[in-house]
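Below you'll find the structure, written out as structure tokens, and then a few comments.
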Amino acid sequence: MSLVAEAFMNQLAAAEPWPENAALYQQLKEDQILLSDNAASLAVQAFLQMCNLPVRVVCRANAEYMSPSGKVPFIHVGNQVVSELGPIVQFVKAKGHSLSDGLDEVQKAEMKAYMELVNNMLLTAELYLQWCDDVTVEEITHPRYGSPYPWPLNRILSYQKQWEIRRKMKAIGWAGKSLEQVLEDVDQCCQALSQRLGTQPYFFNKQPTELDALVFGHLFTILTTQLITDELSEKVKNYGNLTAFCRRIEQQYFEGHDKDSSATASARYAKRSLLR
């Protein structure tokens, strides 16, 4: 998006209050959505909950193809459609809602660095597991990704997506990694997040920011998603303050809210819960 177009969009956004009928679009929860997309959707839901902005989750089989960026989730607010957490944070800020205004410039730079770490390590590891681990691909990814479509379209779309992700992995130097190396990267990322969080309730002390929403989306989804093995979730469980962080956000921002837009619904899809 050009700077002029972005400025114009921000002006439009600021002119209208947040509507009660705002909607967030993602793939089908029960049969289709994959780990990485579920994490991204939950991060946006958490961010909007932290901003006290209502949103209704709408599940569509073709959500990926409806999105202006080709990625989920995306929100439909008034006559605006915005996809992915970063642009959604900016869109919401233009309406006067920000979680990070209280941070100084050094803290904002640190927050952005940790968000990059999560996207470069956790998100990439999720994509690797989904599309590069052969057992996961055959037993989980292909069946779920193509589930809304008839044969042979289901297989064609799955293989197209697999080719796209594997090409990306090759470009960033992950294609030659073993699963053990990827899991070690996840562990290092979790260690860095755990050290930054420490004993604080949130990453920047007492108030959540978009970093907290992003980390929660990924860690909660990893902890509650049933995969071929528990190796990925065990890496997160090694850090007690991170699992406590996920429980805290689930309890504070999701329990008692609309179940269709909650982390509890994600856990139901995954057949696990943190709160047991």
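The values are calculated or read from the model by the stated rules, or taken from the named source; none is laboratory data. Please read all numbers here as calculations on a predicted model, not as lab measurements. We place every Cβ from the backbone using ideal geometry, glycine too, and count neighbours over all the protein chains shown. The protein model used for the area step is the full one, side chains on, heavy atoms only, and it has no ligands, DNA or RNA in it. Shrake-Rupley method; radii C 1.70, N 1.55, O 1.52, S 1.80 Å.
Evaluate the range 205-219: report whether one residue or more is of a type in the set (Asp, Glu), touching a Leu at 6+ places or on another chain (Cβ under 7 Å) and not in a helix (DSSP H, G or I).
no
Can you pull out the residues in the range 177-195 that are surrounded by fewer than 16 Cβ atoms within 10 Å (Cβ to Cβ), part of a helix (DSSP H, G or I) and over 20 Å from the mean Cα position of the chain (by Cα)?
Glu180, Gln181, Glu184, Gln195
Quick one: is Thr229 under 23 Å from Val106 (Cβ atoms), assigned to a loop (DSSP other than H, G, I, E, B) and either touching a residue at least 40 places away in the same chain (Cβ under 8 Å) or open to solvent by 10 Å² or more (accessible area, probe 1.4 Å) (or both)?
no
Give Thr199, Thr221, Thr209 a once-over and let me know the one that is of a type outside the set (A, V, I, L, M, F, W, C), within 26 Å of Lys108 (Cα to Cα), open to solvent by 30 Å² or more (accessible area, probe 1.4 Å) and modelled with pLDDT of 95 or more.
Only one candidate passes the filter, namely Thr199.
Please find, among Ile165, Ile156, the residue that is open to solvent by less than 20 Å² (accessible area, probe 1.4 Å) and over 20 Å from Pro208 (Cβ atoms).
After ruling out the rest, the residue left standing is Ile165.
If I ask for residues that are small (Gly, Ala, Ser) and not in a helix (DSSP H, G or I), which ones from the range 157-176 would you list?
Scanning the range 157-176 gives Gly173, Ala175, Gly176.
Go through (1) at negative phi; (2) in a loop (DSSP other than H, G, I, E, B); (3) modelled with pLDDT under 95 one by one and return the number of the condition Ala14 breaks.
Condition not satisfied by Ala14: (2).
Residue under question is Ile222, and the condition is that it be touching a residue at least 24 places away in the same chain (Cβ under 8 Å), in a helix (DSSP H, G or I) and under 24 Å from Val89 (Cβ atoms); does it hold?
yes
What's the total number of residues in the range 95-114 that are in a helix (DSSP H, G or I) and either open to solvent by 30 Å² or more (accessible area, probe 1.4 Å) or in contact with a His (Cβ under 6 Å, 6 or more places away or on another chain) (or both)? Show your work before the answer.
As a first pass, look at the range 95-114 and keep what is in a helix (DSSP H, G or I): 105-114.
Then drop every residue that is not either open to solvent by 30 Å² or more (accessible area, probe 1.4 Å) or in contact with a His (Cβ under 6 Å, 6 or more places away or on another chain) (or both), which leaves 105-110, 112-114.
Qualifying residue count for the region: 9.
Scanning the range 232-255 for residues that are aliphatic (A, V, I, L, M) and under 18 Å from Ala213 (Cα atoms), which turns out surrounded by the fewest Cβ atoms within 10 Å (Cβ to Cβ)?
Keep residues of the range 232-255 that are aliphatic (A, V, I, L, M), which gives 232, 236, 242, 244, 249.
This time we only want the ones that are under 18 Å from Ala213 (Cα atoms), so: 236, 242, 244, 249.
Numbers: Val236: 22, Leu242: 22, Ala244: 14, Ile249: 25.
Going through the qualifying residues, I end up with Ala244.
Do any residues in the range 154-177 that are under 16 Å from Glu138 (Cβ atoms) have Cβ atoms under 9 Å from those of residues that are acidic (Asp, Glu) and assigned to a helix (DSSP H, G or I), where the two are at least six apart or on different chains, and which pairs are they?
Cβ pairs passing all conditions: Lys161/Glu64.
Which condition number in (1) closer than 30 Å to Ser100 by Cα; (2) touching a helix residue (DSSP H, G or I) at 6+ places or on another chain (Cβ under 6 Å) is the one that Ser158 fails?
Result: Ser158 fails condition (1) only.
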